[in-house]
Amino acid sequence: MRKFFCHLTLTLSTMLLTSDLYASQESLPTRVHDLKYGTVLYEYFQGHAFEALSALNVAKLRGGITGHGEHPTLVEGGLMLAYGMTHEAKLVFESLLENTELNEVVVSLSDRNQAWFYLGKVLLLEQDLKGSFDSLKRVNGIRLKDDKPDLFHEWLYLKGQLAQKISQDSETLSDQIKALPIGSVWQSYLRYNHALLALNNQEHDIAINEFQSLIDDINKHLINQNNEAEIIALKEQCLLSLGQLYLHQNKEPLAIKAFKKIRKDSVFSDQALFAYSVAASNLEEYGLALQALNTLKERPLFTPWLQQVPYALAYLYEQLEEPKLAFEAYRAAAEHYENLAQQLVQDNTKINEQKILQALSLREKSIAQDLMRTDKTPLALGRERVSNDAYGYLQVDPKDFNYATLLSTEPFQLSLRDLHELYKLQFSLSRWEQQLNSFDSMVATRSQLRDKRIQETVFAIEAQKAELWIAQEQSISSRVEQEIKSNNVNFFMDEEQREYQTIIEGMVVNLEALPEGDKKTVYAKKIGRIKAYFSWWVDDSYIVNRWAVQKQLRGLSREVKNFKQHHSKLMQQINSDAVNERLAERIENGRNQLSILKVELEKNLENARANLVLLVKEELDRQSSETQGYLLAAREAQARLADALYLTQPPEISSVKEEQ
């Protein structure tokens, strides 16, 4: 019952946590500054907690997320909560939000309050009472009341819950009730739980007073309530509990008075009608009891505990001293139980995952059929449209009454939740497989582009005639080295000296054309002095000229060497596709790892399916055993009445006994 009234979902809690924390940090940017964080937020708001958490871990390995402060860490904690990793999330929050000298992270008190509040709430839902208590103790109640009054009221409610669960402390629970405003839904829940605590302690008078007081206050404050349907349901639950308590104390008139106040279309009306018939029967008001049971009989016997109605009807006819009607009712009950027993045996032999999911208005493994479809298809395990409550339990509408009681049990709910989560993980792995497959076309495209670039590069190299330039550089180097060894100064003359040499050679040619005489002798002496000066000039500048040539040669050699290195690397790139090979290797490694995960996932899926089927088989066996008990009781009562009727009216009953 206490679980029934915890109505906020885990996913909503974590979404509120991260969104509130993000909105309140004024220093944080309003747009994504890191592409890695954009990927995380995309998956997060798509509802893919597993993918978002994986993206965060990848971002950590690649240097972390920059430009967003500590918000990614808060999101990580919220994602861990959404994925059920409560203890891991607790460590994240503790490392981030502890205000110690060693931790210089600046997180506002408002944000810290909400973080510890949501963590405490989820830990409570996970039944980690000590962890929840430790987290809720860190909340600053005064600040939370100013910032979030609604959360403050829920915080008081959770503290009251812990007071009840951890120590059965009635006084602390009463203090939390007084701190909440009258008419608040949270106060109403705590008051109901306070009544249950008194009932568990055998304090029946206190429980009765608390139930009645809560009913009266609900009637006073019900007007203009936003959650009117929820409050009415709580009121009727109080009436049912109060009536059953009166029935336990043999106060049938008070019990009937309480049961009458429950609406006929209420979810508690079936239990109220049956309890009403029991109370009326105890008062020997068999007509009223019969009327209540006939009303129940008109309804689908959806829950197994209502299977006692056919037998109870026959019993009432017997109490009304209508032996013939009672005899026929017992015979009808026996036929009903016999058919039900046969049906249960057939269901038990044919039970499998598909039939279970069909009975729960779900589909089997549709994840493989419509992986990326977003249109409105029938609900299926593994899809986000399958809603769950604060405990992660699936909210389904069973079509088969055999599953109604089973659906409310903890083991079945946990098994169904685990199967749902495994199918969601299968969906995630299928998306990853599709993403890996998309890399194949990427690798093929890159290979085509590479081949095209190689052809262009080879053509460009051939057009440059690189081998000719390399050969010329080697020839020049050999020639310079040879001239240096032979001290050929003329070889190292600069451009100006070569021009003068050309002029001198022209003068010598002109001199030879002159006729012999004094004039020619004078010119010859002048040319000789010029040649001597020129020879001295060349000898004097030999070292400088040689150094200039060697400098240019070294520059040329260096460029040729660089060219050879680049050419060598280019040829290596042409001959070896290392980049694409590494990418292909990473893709193949990803496929291998994904294959291992899929194998492990399939094993866990098989175990989850087997566990679910086993639970259903055990429940059907229990119902079959219970039905056999009703069948035996109905046949014995039928035989007893047949004997009694035979003794009083033998001619009329003999044919009946022959039929039997």
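A few notes on this one:
- Residue check, Lys561 under 30 Å from Glu462 (Cα atoms), within 60 Å of the chain's Cα centre (by Cα) and without any contact (Cβ under 8 Å) to a residue 12 or more places away in the chain: yes
Conditions tested, residue by residue: (1) under 34 Å from the mean Cα position of the chain (by Cα); (2) modelled with pLDDT of 70 or more.
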site	(1), (2)
Leu313	no, yes
Ala332	no, yes
Lys355	yes, yes
Arg363	yes, no
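- Exactly one residue out of Ala312, Ala258, Ala292 is closer than 30 Å to His194 by Cβ and either in a helix (DSSP H, G or I) or touching a Pro at 6+ places or on another chain (Cβ under 8 Å) (or both), and it is Ala258.
Every residue, every condition in (1) among the basic types (Lys, Arg); (2) touching a residue at least 24 places away in the same chain (Cβ under 8 Å), yes or no:
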residue	(1), (2)
Gln426	no, yes
Ala444	no, no
Thr457	no, yes
Arg479	yes, no
Asp494	no, yes
Lys526	yes, no
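- Looking at segment 465-548, the helices (runs of 4 or more DSSP H) lying wholly inside it that each contain 1 or more residues that are exposed (fewer than 12 other Cβ atoms within 10 Å of the Cβ) and of a type in the set (Val, Ile, Thr) sit at 495-513, 518-540.
- Selection from segment 227-252 of residues that are without any contact (Cβ under 8 Å) to a residue 12 or more places away in the chain and part of a loop (DSSP other than H, G, I, E, B): Lys251
- Just one of the numbered conditions (1) surrounded by fewer than 22 Cβ atoms within 10 Å (Cβ to Cβ); (2) basic (Lys, Arg); (3) farther than 23 Å from Leu119 by Cβ is not true of Arg191: (1).
- The residues listed here are Asp577, Asp539, Asp518; of these, the one that is among the charged types (D, E, K, R) and touching a Lys or Arg at 6+ places or on another chain (Cβ under 9 Å) is Asp577.
- Residues within segment 265-288 that are farther than 26 Å from Gln319 by Cα and without any contact (Cβ under 8 Å) to a residue 24 or more places away in the chain, tallied: 1
The values are calculated or read from the model by the stated rules, or taken from the named source; none is laboratory data. Remember, it's a predicted structure, so these values are computed and weren't measured experimentally. Cβ coordinates were reconstructed from backbone atoms using ideal geometry, including for glycine residues, and neighbour counts include every protein chain displayed.
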